[in-house]
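Working notes, beginning with the structure itself.
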Amino acid sequence: MANSPSGESLITRVVRILEVFPAHNRALSVREIAAEASLPVSTAHRLLRELESEDLVKRDDGGWRRGNRLWELASRGSHAETLRGAALPPMEDLVTELKTHVSLAIMDRNEVLYIERMTPNDYTVNIISVALRLPAHATSAGLVMTAFGPAENQQLMLRRKLPKYTDSTVTDPDHLRRMLNQIRREGFAASAGAIISESTGISVPIFDGSEQAIAALTVIVPVGQERFELTVPQLRFAARAVQRRLGSIPTKLPGVIYETNPSPLD
């Protein structure tokens, strides 16, 4: 694979270009793309022309956008697309019942990747968008998927130096360990003001028939208006509806620690 003078492969440079597009809902100029991808303008233009020939990007409104084939290839046989299809009706029900922002997320390495969101017209501050990535330790979705995920992912979170986004972001390993154990006992995670000081995320896991979470359902509400006694049961009901639509129901209930399978953080 041909490398640039900096030693980067062609694939690395192409990925950097494609990563620019999800953050924008408008056509981008070559100079904008080059700046965000940290590439020379001439290199960005050449790679865009090659991507255009395969319909991975297209020229539109005087600039460049993602091409239809990029969406097609990403969606074809995608686990995330299957999960999203199963989650849409339960998510619609949650928005109708709770009148809150609802999102669906999966873990990708040490980050939370949001694959769907629905929102009512209200005043809750919510920065989540589809294809957005956020740090696992600062989101309720990331915390619940880590708590109900592989032990190595939990240990990785506890070993890493974690950035603090607000005064409420928990970064201390001992505090995080206690939080993860509590999440496993209670079956849900709540993160108040950890990314946006005005908002609380409340998440429950979606299981694949085992005790490990494959995704998380989240609602975003204003801090102080959490209503856990109403929100958590509705979230759990929706999560189980998603699992049924996927054809999998866990044999053990979330939030119950069984003596034969203690928490890996104990």
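The values are calculated or read from the model by the stated rules, or taken from the named source; none is laboratory data. Just so we're clear, the structure is a prediction, and the values are computed from it rather than from any experiment. We place every Cβ from the backbone using ideal geometry, glycine too, and count neighbours over all the protein chains shown.
Evaluate the following for A141: is it modelled with pLDDT of 95 or more, out of contact with any helix residue (DSSP H, G or I) (no Cβ under 8 Å at 6 or more places or on another chain) and at negative phi? It is true that A141 is modelled with pLDDT of 95 or more, out of contact with any helix residue (DSSP H, G or I) (no Cβ under 8 Å at 6 or more places or on another chain) and at negative phi. For T166, the conditions (1) modelled with pLDDT under 95; (2) over 26 Å from L230 (Cβ atoms); (3) out of contact with any strand residue (DSSP E or B) (no Cβ under 9 Å at 6 or more places or on another chain) all hold with the exception of (2). Would you check if there is a residue in the stretch 78-91 being in contact with a Phe, Trp or Tyr (Cβ under 9 Å, 6 or more places away or on another chain) and either over 25 Å from T119 (Cβ atoms) or modelled with pLDDT of 85 or more (or both)? Yes: the stretch 78-91 contains one or more residues that are in contact with a Phe, Trp or Tyr (Cβ under 9 Å, 6 or more places away or on another chain) and either over 25 Å from T119 (Cβ atoms) or modelled with pLDDT of 85 or more (or both). Exactly one condition in (1) out of contact with any strand residue (DSSP E or B) (no Cβ under 9 Å at 6 or more places or on another chain); (2) within 24 Å of R117 (Cβ to Cβ); (3) among the basic types (K, R) is false for R184; which is it? It is condition (2) that R184 fails. Residues of the stretch 157-191 that are of a type in the set (A, V, I, L, M, F, W, C) and closer than 15 Å to V232 by Cα: I183, F188, A189, A190.
With respect to (1) touching an Asp or Glu at 6+ places or on another chain (Cβ under 7 Å); (2) in a helix (DSSP H, G or I); (3) not assigned by TED's automatic domain parsing to the domain that holds M157, the lone exception for A44 is condition (1).
Against the test of being at pLDDT below 90 and either in a helix (DSSP H, G or I) or touching a Pro at 6+ places or on another chain (Cβ under 6 Å) (or both), the options A74, A35 yield a single qualifying residue, A74.
Scanning the stretch 148-188 for residues that are touching a Ser or Thr at 6+ places or on another chain (Cβ under 8 Å), hydrophobic (A, V, I, L, M, F, W, C) and within 22 Å of A80 (Cα to Cα) gives a single hit, F188. Summed over the stretch 58-71, the residues that are in a helix (DSSP H, G or I) and within 17 Å of S29 (Cβ to Cβ) give a count of 0. Please go through the stretch 133-187 and give me each residue that is in a loop (DSSP other than H, G, I, E, B), closer than 29 Å to N25 by Cβ and touching a residue at least 40 places away in the same chain (Cβ under 8 Å), ordered by number. Matches in the stretch 133-187: T139 only. Take the conditions (1) under 20 Å from S103 (Cα atoms); (2) in contact with a helix residue (DSSP H, G or I) (Cβ under 8 Å, 6 or more places away or on another chain); (3) of a type outside the set (V, I, T); (4) in a helix (DSSP H, G or I); G201 misses just one of them, which is (4).
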